[in-house]
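Inspection log for the structure reproduced underneath, given as C-alpha cells.
The values are calculated or read from the model by the stated rules, or taken from the named source; none is laboratory data. Treat the numbers as computed from the prediction; the structure is a model and nothing was measured. FYI the Cβ positions are ideal-geometry reconstructions off the backbone, even for glycines, and counts take in every protein chain you see. Protein only, heavy atoms only, side chains kept; ligands, DNA and RNA dropped before computing areas. Shrake-Rupley method; radii C 1.70, N 1.55, O 1.52, S 1.80 Å.
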Amino acid sequence: MKSLYLLSVQRFFYRKPHAARWLGLAVLGFLLVTVPARAQIYAPEGLNMPGSWNAWTNPPTNNLAFASSTQVADGRIELIDVGTTRWQTIFEVAATGGDIPEGTYTWLFTSGPDANAFANKWGDVTVTLNTLQEYTFQGTADNSVSVTNNHWYSVVWEDDGYENTRAIFMETTNEPVDILTVSFPTTVLPDEAVTVNITTNSAISPEELVYLRYTTDDWNTSDLLIVTMNGTNGSAIIPGQPDMTTVNYYVFTSTVSGITEDYDMFTIKLNNNDGSNYEYSIGGGATPVIGWANLQYPASGTIMPGDSYEVYAQVYIEGVTDQAGQGADVQAWIGYSTTDSDPATWTDWIASDYSGDVGSNDEYMADLGAALSTEGTYYYASRFQYLDQGFVYGGYSASGGGFWDGADNVSGVLTISSIPPEPGIDWANIQWPGSGTIMPNDEFLVYAQVFALGVTDAAGQGAGIQAWIGYNTEDSDPETWSNWILADFNADAGNNDEYVANLGAVLSDEGTYYYASKFQYLSQDEVFGGYSDGGGGFWDGTANVSGVLQVTGTPPDPQIDWANLQYPGNGTIEIGQEYMVYAQAYIANITGQDDPAAGLQAWIGYSLNDTDPSTWTDWISADYLGASGSNDEFVADLGAQTVATGTYYYASRFQYLDQGFVYGGFSENGGGFWDGTNNVSGILTVVNELVSYPVTFSVTDATGLYSNIKFKGSMTDWEPVDMVQNGNLWTVTLDIYPGSYEWGIFEDDGSPDGIWLVIGPNLMMTVAEDGIVSGDITYVITFVGIDEQRLDIGMYPNPTSGHLILNRGDVSEKAIVQLYQYNGVRLLSTEISSPQAIVDLTALTPGIYLVKVVQGQQQFIRQIIRR
C-alpha cells in the first residue's frame, strides 16, 4: 500500500495553448487517500491522446480516435477490464478518408476533468512500433510517433493508475480482423488432440498473427499456439491431455511474435467467449447434443396420390455424425400436417432411413408420398432424436436450412392432386461457349440446354420443345431482341435436352454481337437462357448473362485459349524445401508440339493473401517441361522462395508474345483460368519442422491373379515401392508429410511400365496437419490384365470444344468407352462396335477428364481437355 495525494495530482498540471507548456506545482489543497498499489485512473475521465494530430484539443472532441469513450460521446479509446486493465484505440492513417494522414506527430496520454484535461499526463517516449515501452507519469517531454499512409495502428495503454506505465503501438497493413467464431468440442478422450477452428471477418494482414492461448491449471501457467490461417478460416491443435483435465482457452490477434508474458498488452482483438473463455474437460465430458438439423430437399412439389415423393433431411452432432457411416443412436423422421404449424405439435411421423454421409452431417430419407393417398396440401418437416434427448425439428431454406423456426427455416409444401401437373420449362441456359472471335460467316456453334420435368428427361428430343439462338448488337434483355435462329436438337445431356445453332452463318458484318437462348414448351411463355462458368440458367443479366461474339475481317491472332495450375493443389514443406509447382497452357495449333511454343512465357506467383493473382507482385519464371497432350507444361520451385513460416497462395501466369497476362487456377477436374471459385489458388503451408505420419495402404486382389504388386504415387515421386503380401491382401506403410497425394498400384511383370491395376483415375488421399488421413487408402483390384496389350487408338481433337473422335483402325470388335471426372466419378459408359466413333462431350463443363476404352483384356486411358 502507498499513499497518493489524489486531488493534488489531478489538478497540478494543465495545458495552455500557445504558452509555456509545463507549469510548476500549485498546491490547491489536498485530500489524503490510501489506494492499492495498482489502482486505476478515474474511469469517468478515462484516457485521452491529445496531440498535434488534433491541434492539441483536449478532450479530443475533434478526432474521436484519440478521445476517451467515458468522457467524450463516441470516443474510441475504450476501457478493457478483462485480464490486465487497459485502454485501447485503433485508428487508420490515410491520405484521405482515414483518421489522420501520414507524418510524425507529438502527443500525450492524459487523464483529467473537462476543466483541466491535462491534469495527469504520461510522456517522454519516442515510439518504436510493435514494442512495449514505459511512459513517465508527469514526464517533461511530449511523446513522438511516425505513422505511414494506408496502415492501421492499434494502441494499448496499461492502466496502472497515476504512475509510470506501459503502452504499445501495433502496426498492420489492413484493419485488424475480428475473430467471429471459435469452435469447441463436447467430448474429448484422454490424450486426444483437439482441433480448434476459427473464422475471421476478413483475411489477416501480413503482419498480423492469430494466437490461441490455453491453460490446464486455471491460468497459473499457459501455452501459446499459432493459428494457421487460410483466408478467413484458421485452426490450431491443442495437444492431448490426461484424463480429468480441464482446458480453458481463448483466441487473440497481435503483431508481436514470441510472446511469453504480458499477453493482454500485446492483444489487438480477442474472442474469449464473452469473458468466460472456452472450456472443455477430458473424459467424462458432457454428452454430445444435436447441434444442427434441417429439411434438406425438396422445398415443395406436386404429385398424384400414391406417387413416390422422397424427402431428405440432415443432422449434425459433433463427434457422432462427423465420423464415417451412420452416427450411432440417432433416429430420424419426416412428419406432415394439413396445417402450417409448429412441427412439435404434429402427430404423423414416418421413420426415415440413413441415406449417407454429407460432409460432417448424416443424411436421412423417407418416401412421404407412400404415406399420403388423399388429395390436399400437406406441410412437412424433419424430426431427430439423439439417445433419449428431446426431439429437434428441421426446416427448409434456400441457404441450407436449420432448426425449424417458421420464419427463416420453414416447412416444405406438398400438393397431392389427381390431375397430373402440366409440365413446364424449369431451367434453361447458354451452355457453351461464353465468348468467341470469328471472321464474317465463319462457323460459330452455340449450344444451349433446357430441362422440363417429364419432357426432357426421357430419351431423345422432348416433344413440344422449340429452341432458338438469338443475337443483338446491344447487351440488353433478350426478351426485347428480334433476331432469332431456330436451333436443332443435338443430344440428351443427362436430364436436359441440348440444342445447337450456327450463329456465325448469319453474321456477315463486323462488330460485337451478344447472344442468348430462347425456349418454348407448347404454347407456354417463352423463357431465355444465359451463360455462366457454373453452368448458366435463366438469363438475368447478372449471374447468367449473354455470350459475346466478335466478328472481324482480320483473322484473330493465336491466343492462350486455356491455362491452369496443374499440380499440386496444396502442400506443406519446411522453410526452403523444394516444392515443384506445375502449370499448363493451350494455344490452338501452337502448343503440344515437339518444341516449346515460341513466344510463350510462364511464371508461378505467390502471395500471403488469397486474392486475385493479377494483383500479385511476386512471380518466379517457370521452365518449360514438355508437351502434355496438346498443352505445354511448365514447372517452378516455389519452395526455394519461402524464407519464413506461414501460409502462401500460389497460381500460374502465362503470356503469349506481347498479349495480356492470363492466370491459371487449380481444381480437381483439371483447373482452368483462375476465377476464385471453380479454379482457385493453391495453398502452401511452410513450417519450421515438418512432421510425417505413418499411413498404411491396403490393396485386396479380388482376382487372385497377381504375384508382384507394387505401389507408387506422388508421395514416392512415382518411384515403385514393394508391398507386403498376405494371401490376397497387399499392404505398405509409408511415412507421409501433410498434403494431398495421388497413388496407384501395378503388377511388376518385367515390362517397362508393368500392368496398371487401377480402373479410372489415380486414387487420391490427404494427410491433414494433425495427421488425420482422408480419401483413398484402400483399393480392390478387379481388373484382369495379365494378358493385356495396350490399345492403339487415335483420339482427336484434344482439347475439344464438344466432340471427340476415337479411331480404332480396322478393328470391329466391340469395346466399352467410359468417361470419368478427375475425382473418379464416372460420367459415361457406352458400347461401340464401329472402327470410328464420335463421343459427344458438349454437355460437359470445361475442364480435364479421363477417357477409357476397354476392348477385351486391352485398355486405353488418356486425358482429355474440354474447352
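Each peptide among 739-750, 617-628, 493-504 gets the average number of other Cβ atoms lying within 10 Å of its residues, and from highest to lowest they stand as 493-504, 739-750, 617-628.
Expressed as a whole percent, the accessible surface of the range 87-212 that belongs to carbon and sulfur atoms is 49, based on a 1.4 Å probe. Rounded to the nearest 20, the Cβ-based charge dipole of the range 175-264 about its Cα centre (Lys and Arg +1, Asp and Glu -1) stands at 280 debye. Shape class for the range 610-702, computed from the alpha carbon gyration tensor (a ≥ b ≥ c): oblate, with a/c not under 1.5 and a/b at or below b/c. Here the range 145-209 is treated as a Stokes sphere of Kirkwood radius computed over C-alpha pairs; at 20 °C and 1.002 mPa s its diffusion coefficient rounds to 139 µm²/s. Apolar share of the accessible surface for the range 287-406: 46 percent from carbon plus sulfur atoms, 1.4 Å probe. Annotation: the antiparallel percentage among DSSP beta bridges lying fully within the chain is about 90. The relative contact order of the range 284-391 comes to 34 percent, based on Cα pairs under 8 Å that sit 6 or more residues apart.
Per residue, the average separation of C-alpha pairs within less than 8 Å and at least 6 apart gives the chain a relative contact order of 5 percent. Helical content of the chain, expressed as a calculated mean residue ellipticity at 222 nm, amounts to 0 deg cm²/dmol (DSSP H runs of 4 or more residues, -39,500 (n - 2.57) each, divided by residue number, nearest 500).
Between residue 62 and residue 276, the C-beta separation translates, for a Förster distance of 22 Å, into a calculated FRET efficiency of about 0.05.
Taking a ≥ b ≥ c as the square roots of the eigenvalues of the alpha carbon gyration tensor, the chain is prolate, as a/c is not under 1.5 and a/b beats b/c. Once a ≥ b ≥ c are taken as the square roots of the eigenvalues of the Cα gyration tensor of the range 537-665, is the result rounded (a/c under 1.5), prolate (a/b larger than b/c) or oblate (a/b not larger than b/c)? Oblate shape, in that a/c is at least 1.5 and b/c is the bigger or equal ratio. Looking at the range 105-175, the accessible area is 31 square angstrom per residue; that uses a 1.4 Å probe and ignores ligands, DNA and RNA.
Rounded to a whole number, what % of the accessible area of the range 544-691 do carbon and sulfur atoms account for, probe 1.4 Å? Here carbon and sulfur together make up 45 percent of the probe-accessible area. Spatially, the range 302-362 and the range 731-751 are offset by 40 Å when compared through their Cα centroids. Rolling a 1.4 Å probe across the protein heavy atoms gives the range 251-306 an accessible surface of 43 Å² per residue. If the segment from residue 803 to residue 533 were pulled out straight at 0.36 nm per residue, it would be longer than the present Cα-Cα gap by 95.3 nm.
Ranking 862, 86, 166 from most to least accessible surface, computed with a 1.4 Å probe over the protein chains only, gives 862, 166, 86. Most tightly packed first, judged by the mean number of other beta-carbon atoms within 10 Å of their residues, the peptides 665-673, 173-181 read 665-673, 173-181.
One chain, two ends: residue 675 and residue 289. Fully extended at 0.36 nm per residue, the span grows by 135.1 nm beyond their Cα-Cα distance. Ordering 738, 564, 117 by the projection of their Cα atoms onto the charge dipole of the chain, which places +1 on the Cβ of Lys and Arg and -1 on the Cβ of Asp and Glu, puts 117 at the extreme positive end. Charged side chains reduced to their Cβ positions (Lys and Arg at +1, Asp and Glu at -1) give the chain a dipole of some 2080 debye around its Cα centre.
In this simple spin-label approximation, residue 126 and residue 594 carry label points 7 Å from Cα along the Cα→Cβ vector, and these lie 7.0 nm apart. Taking Cβ atoms as reference points and 15 Å as the exclusive limit, the residues near residue 231 contribute a net charge of -4, counting Lys and Arg as +1 and Asp and Glu as -1. The alpha carbon centroids of the range 136-191 and the range 453-474 are separated by 62 Å.
Spatial offset of the range 385-401 relative to the range 545-601 amounts to 47 Å, using the alpha carbon center of each. A probe of 1.4 angstrom, applied to the heavy atoms of all protein chains, finds residue 718 with accessible area near 100 square angstrom.
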